[in-house]
Amino acid sequence: MANRKYIVGNWKMNGLQSELSDIADIAAIASSHPTVDAAICPPVTLIAAASSQNAAFAIGAQDCHFSENGAHTGCISAAMIKEAGAGFSILGHSERRADQHETDADVKAKAEAVHAAGLGAIICVGETEEERDAGQAIEIVCGQLAGSFPSGADAGWLTIAYEPVWAIGTGRVPEVSDVAEMHAAIRSKLAELMNGGSEQVRILYGGSMNGGNASELLAVPNVDGGLVGGASLSAEKFGPIIEAAAAA
């Protein structure tokens with residue numbers, strides 16, 4: 001049986017209180033497609049407000065620290081994002097791996113922290129253009145997955161997102177055959193890492209998914225949804241992706 005499609009919008013560093021109406025509009029579309037699990041990850045400043053006014057889908061965070069508390073200026077713990085209203089967190093996004101120098105060990109610790117707090121985790125993995133051109137894409141991605149994989153993981157709280165780094169925000173998308181190959185490799189690696197249940201872990205595609213290509217991407221075996229960036233900022237752009245997932 002195929003997994004339910006999961007469409008997650010990552011707003012990154014976008015969104016003020018005035019944009020909450022966009023989340024409400026997206027929620028209205030999501031509520032009309034109950035066969036799809038939809039979610040939005042706004043900036044942390046909007047989590048509380050967004051979660052309090054929307055019941056049609058989950059609200060998540062874009063990151064959290066692996067410590068419960070302490071001298072970590074500017075950081076947010078799993079308990080804090082949970083208290084604010086988040087039901088899960090994106091972890092190890094390529095922008096954080098590159099800009100904040102996060103390691104696989106950091107991502108693993110964060111995933112274990114969110115699980116301990118009763119939250120879900122979306123762990124991101126992906127290769128750069130140079131790594132793909134060198135024929136190392138699968139090796140790099142599966143290595144990241146193994147290094148970031150949390151103890152005791154199961155499909156009840158873990159999701160994996162494959163994001164080819166060179167496709168994020170560029171409008172470039174890998175060939176469908178490349179997406180299929182990578183998602184199959186991730187599925188196989190999950191089977192190695194888990195004691196059963198790997199088929200139920202949802203694997204999202206995250207690299208310039210939009211209303212125009214969502215149907216094709218969501219039809220690829222082992223593509224269980226999408227982690228969507230810029231196209232999630234408005235109902236006009238995000239709605240067609242949710243609709244494509246409902247039709248998949």
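The values are calculated or read from the model by the stated rules, or taken from the named source; none is laboratory data. As the structure is a prediction and not an experimental result, all values here were calculated from the model. Don't worry about glycine lacking a Cβ; one is built from the backbone with ideal geometry, like all the others, and counts go over all protein chains shown.
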Check your understanding: Any residue at all in region 186-200 that is among the acidic types (Asp, Glu) and surrounded by fewer than 18 Cβ atoms within 10 Å (Cβ to Cβ)?
Key -> yes
Review point. Val176 versus (1) over 15 Å from Val107 (Cβ atoms); (2) buried (at least 18 other Cβ atoms within 10 Å of the Cβ); (3) touching a helix residue (DSSP H, G or I) at 6+ places or on another chain (Cβ under 9 Å): which is the lone unmet condition?
Key: (2)
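Only one of these is farther than 17 Å from Val228 by Cα, free of Cβ contacts under 8 Å to residues at least 12 places away in the same chain and not hydroxyl-bearing (Ser, Thr, Tyr): Gln53, Gln100. Name it.
Values: Gln53 fails: free of Cβ contacts under 8 Å to residues at least 12 places away in the same chain.
None of the other options fit; the residue is Gln100.
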Check your understanding: Can you name every residue in region 186-221 that is closer than 17 Å to Gly156 by Cα and not aliphatic (A, V, I, L, M)?
Key -> Arg187, Asn195, Gly196, Gly197, Ser198, Glu199, Gln200, Arg202
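Anything in region 232-244 that is surrounded by fewer than 24 Cβ atoms within 10 Å (Cβ to Cβ) and either in contact with a strand residue (DSSP E or B) (Cβ under 8 Å, 6 or more places away or on another chain) or outside any helix (DSSP H, G or I) (or both)? List them, or say none. I'd like the intermediate steps shown before the answer.
Just the residues of region 232-244 that are surrounded by fewer than 24 Cβ atoms within 10 Å (Cβ to Cβ), to begin with: 233-237, 239-240, 243.
Leu233, Ser234 - these are the residues of region 232-244 that are surrounded by fewer than 24 Cβ atoms within 10 Å (Cβ to Cβ) and either in contact with a strand residue (DSSP E or B) (Cβ under 8 Å, 6 or more places away or on another chain) or outside any helix (DSSP H, G or I) (or both).
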Study note, to complete from the structure: Considering region 114-128, residues that are within 25 Å of Ala185 (Cβ to Cβ) and assigned to a loop (DSSP other than H, G, I, E, B), and then whichever is nearest to the chain's Cα centre (by Cα), we arrive at Gly126
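Conditions (1) without any contact (Cβ under 8 Å) to a residue 12 or more places away in the chain; (2) in a helix (DSSP H, G or I); (3) not acidic (Asp, Glu), marked per residue:
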{"position": "Asn3", "(1), (2), (3)": "no, no, yes"}
{"position": "Val8", "(1), (2), (3)": "no, no, yes"}
{"position": "Asp25", "(1), (2), (3)": "no, yes, no"}
{"position": "Ile29", "(1), (2), (3)": "no, yes, yes"}
{"position": "Ile40", "(1), (2), (3)": "no, no, yes"}
Exercise for review: Report whether or not Ala146 is surrounded by fewer than 23 Cβ atoms within 10 Å (Cβ to Cβ) and in contact (Cβ under 8 Å) with a residue 40 or more places away in the chain.
Suggested key: yes
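Mind checking which residues of region 80-107 are under 15 Å from the mean Cα position of the chain (by Cα), more than 21 Å from Gly207 (Cα to Cα) and either among the aliphatic types (A, V, I, L, M) or in a helix (DSSP H, G or I) (or both)?
From region 80-107, those under 15 Å from the mean Cα position of the chain (by Cα) are 86-97, 107; that's our starting set.
Next, only the ones that are more than 21 Å from Gly207 (Cα to Cα) stay: 86-87.
Across region 80-107, the qualifying residue is only Ala86.
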**Study point:** Leu20 modelled with pLDDT under 95, assigned to a helix (DSSP H, G or I) and farther than 22 Å from Gly206 by Cα
**Key:** yes
